[in-house]
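Notes follow the structure.
The values are calculated or read from the model by the stated rules, or taken from the named source; none is laboratory data. These numbers were taken from a predicted model, which means no experiment stands behind them. Neighbour counts are summed over all protein chains in view; Cβ atoms, including those assigned to glycine, are modelled from backbone coordinates with ideal geometry. Areas reflect the complete protein model, heavy atoms only, side chains present, ligands, DNA and RNA absent. Shrake-Rupley method; radii C 1.70, N 1.55, O 1.52, S 1.80 Å.
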Amino acid sequence: MSLIDNPMYKLQRLQAFGCFLLFSSLFSLLPTSTTFALTDAEAAYIARRQLKTLPPNDELPPEVEYEVKVSLTFSNQRLKKAYIGLQALKKAIYSDPMNKTGDWVGSNVCNYTGVFCSEALDDKSLTVVSGVDLNHADIAAHFPAEMGYMTDLALIHINSNRFCGIVPKTMSRLKLMYEFDISNNRFVGPFPEVALSWPTIRFLDLRYNNFEGIIPPELFEKNLDALFLNNNRFQSTIPEAIGKSTVSIVTFANNKFEGCIPHSIGKMSNLNEIIFMNNNLVGCFPEEVGMLTNVTIFDASSNAFTGSLPESLTGMKSIESLDLSHNKLTGTVPENVCKLPKLSNFTFSRNYFQNEPNACQVPSKKDIVFDDTYNCLPGRPKQRSNKECQPVISQLVDCSKDKCAGGGARSPHKPKHKPKPNPEPQPPKQPHPPTPVQHHHPPSPPKESPKTPIEQEGKEEVSPLERSRPPAPPIHPPPVSSPPPVHSSPPPVKPPPAPVYSPPPPVHSPPPPLKSPPPRPTEGIHLPPNLGFQYSSPPPPMFPGY
């Protein structure tokens, strides 16, 4: 009898197969947090789908152009428009592995998963869609233009998904927008200026995307409470208009911001937390930093700050965590900074400080942490070698003459054009035979700036992601104290400054996620009435492939 025909062998195989089915069924019931990262090709495909559907001139077509089944009835026209917007969003989905939008069927939009309704702010007799929350749904999609029909939306949360493409300009119609959280996705293009058109926006979270270019100064004139810009590809100076901002927390970390910290920072009276970590900021700290009396977290680590610390830092009476590590700071650590009443962590490692008072070596309280490693402090453990220290401390920066600290010129130097001296009269010359006249053509007008993805709709030969990024600029230093212009100017008489575009995407892996805590809602901040809940987004995780 062969092994295959043996009854015991058949029984063992059957038992093994039964165990396999049992374990397979058990594993299928276990919750999973698997995230399916998009490939670049899939992201480009989704962006291309969006570009094909965006209307010309960013104008929404009339509502009558959308087919709605006659059998569907709505209690008011606003719910019908919300239905059109939500169905367009569902159609724009490329992948919904958790089937979050599986019940987005029928006219009862208030029962859709992730959709919230409330009374209309202008008419309590009407029920409207006021919020969409699809956080952590792992949905791959894009924003359709029809989102502009949902004019009662006060809240959009799509944190930690796989949305691609751009934020369409039709969303500028959402005049009641209060919280807009699109963090941890794959959005591209310049700063979404639709946010500037929302008069009631208070919470704006754009972190962990691929936005690029400059930050418009008008952003800091909005009545914002929380602003998250970290982990994108922004490249510009920080506008002087930051002093007008009402934010309590703002993060610039892990971008390519450059230039000085603006002097107007001292006017940010509501500020509690500010993160400059891992950018290209330079120069000395301005004295006005000491005017931030309410700030609890100040992180300027991993930049290129130089010079000595200003004594004005002792004015930061509420500071709890101060991180100035990984810069090129020199001189003496101010003793009174180490004695600030609420200080619990002061990290000034990996700089070039030469002197440190005892108060910064031995904390006055048990729960205070000082990190002075890898400086040039004699007698302290884990310091730089003399070979590392000497090139820096032999060329100390005088902050009294540094424009970032207030010394010297605060604005970029503009070359003065001296008038040409009048030529001295010359004696009359003998006439010469006429020479051929050379026609000097005027310089050709500057080329049009790269068109936005919407303007390039229909051009299939170029990837949408490539269309959304302007070409790499010539390398010229941008202005230091004022932001670069947003719009191109008419042909100037003298050579214009180099336009500031974002660089091509870096080839290295993204920096580690920001460790700043999430924003804490301040008193008096409430969502529109009857929205049903208040929401504060956690810092998004860094999923593989993002």
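Could you give the accessible area per residue of the stretch 350-413, probe 1.4 Å, as a whole number in Å²?
That works out to 65 Å² for each residue.
Give the Rg/Rh ratio for the stretch 299-357, taking Rg as the radius of gyration of the Cα atoms and Rh as the Kirkwood radius, to two decimals.
Computed over Cα atoms, the ratio is 0.93.
Would you work out what percent of the accessible area of the stretch 255-396, with all protein chains in place, is carbon or sulfur (probe 1.4 Å)? Write out the running numbers ahead of the final one.
Details: 2870 of 6060 Å².
Ligands and nucleic acids excluded, carbon and sulfur reach 47 percent.
If I ignore ligands, DNA and RNA and count only protein heavy atoms, how much of THR151 is accessible to a 1.4 Å probe, in Å² to the nearest 10?
Its heavy atoms expose roughly 60 Å² to the probe.
According to the square roots a ≥ b ≥ c of the eigenvalues of the Cα gyration tensor, what is the shape class of the stretch 138-180, taking rounded for a/c under 1.5, prolate for a/b larger than b/c otherwise, and oblate for the remainder? Write out the running numbers ahead of the final one.
On the way: a/c = 2.45, a/b = 1.43, b/c = 1.71.
Here the stretch 138-180 falls in the oblate category.
Sort 121-133, 344-356 by the packing proxy (mean of other Cβ within 10 Å over each peptide's residues), most packed first.
344-356, 121-133
Determine the gain in length on full extension of the stretch THR39-ALA359; use 0.36 nm per residue of separation and subtract their C-alpha separation, reporting nm with one decimal.
109.9 nm
Karplus couplings for the stretch 241-257 from phi (6.51 cos²θ - 1.76 cosθ + 1.60, θ = phi - 60°), rounded to Hz, Gly and Pro as x?
5, 4, x, 8, 6, 9, 5, 9, 9, 8, 10, 10, 4, 6, 10, 10, 5
Could you check the simple spin-label distance between SER107 and LEU126, using points 7 Å along Cα→Cβ, in nm with one decimal?
A separation of 1.7 nm, rounded to one decimal place.
I'd like the accessible area for HIS326: 1.4 Å probe, protein heavy atoms, all chains in place, Å² to the nearest 10.
90
Could you work out what % of the accessible surface of the stretch 123-252 is carbon and sulfur, using a 1.4 angstrom probe and leaving DNA, RNA and ligands out of the count?
50
In nm, to one decimal, how far is the LYS401 label point from the LYS267 one, both placed 7 Å along Cα→Cβ?
Simple spin-label model gives 3.0 nm for this pair.
Could you put GLU388, GLU146 in order of accessible surface area, largest first, with the 1.4 Å probe and the full protein assembly present?
From most exposed to least exposed: GLU388, GLU146.
Collect residues whose amide H, placed 1.01 Å from N in the peptide plane, falls under 5 Å from the amide H of LEU281; neighbours closer than 5 in sequence don't count.
For LEU281, the qualifying residues are ALA304.
Whose amide H sits under 5 Å from the amide H of PHE163, counting only residues 5 or more places off or on another chain, with H placed in the peptide plane?
Counting only residues 5 or more places away or on other chains, the set is ALA141, ARG186.
Which of rounded, prolate or oblate describes the stretch 275-391 when judged by the alpha-carbon gyration tensor and an a/c cut-off of 1.5?
Because a/c hits 1.5 or more and a/b fails to exceed b/c, the stretch 275-391 counts as oblate.
Give the ranking of CYS338, CYS117 by solvent-accessible surface, highest area first, calculated with a 1.4 Å probe.
Per-residue accessible area, sorted high to low, gives CYS117, CYS338.
Cα gyration tensor of the stretch 84-236, axes a ≥ b ≥ c as square roots of the eigenvalues: rounded (a/c below 1.5), prolate (a/b > b/c) or oblate?
Taking the square roots of the gyration eigenvalues as a ≥ b ≥ c, the stretch 84-236 is oblate.
Output the peptides 268-276, 95-103 sorted from most to least packed, where packing is the average of other Cβ atoms within 10 Å over each peptide's residues. Spell out each step's value before the answer.
Working: 268-276: 20.7, 95-103: 15.0.
Ranked by mean Cβ neighbours within 10 Å, highest first: 268-276, 95-103.
Roll a 1.4 Å probe over the protein heavy atoms and report the accessible area of ILE261 in Å², nearest 10.
Near enough 0 Å² of accessible area.
Under 5 Å between amide hydrogens, which residues at least 5 positions from ALA154 or on another chain qualify, with H placed 1.01 Å from N in the peptide plane?
Result for ALA154 returns GLY131.
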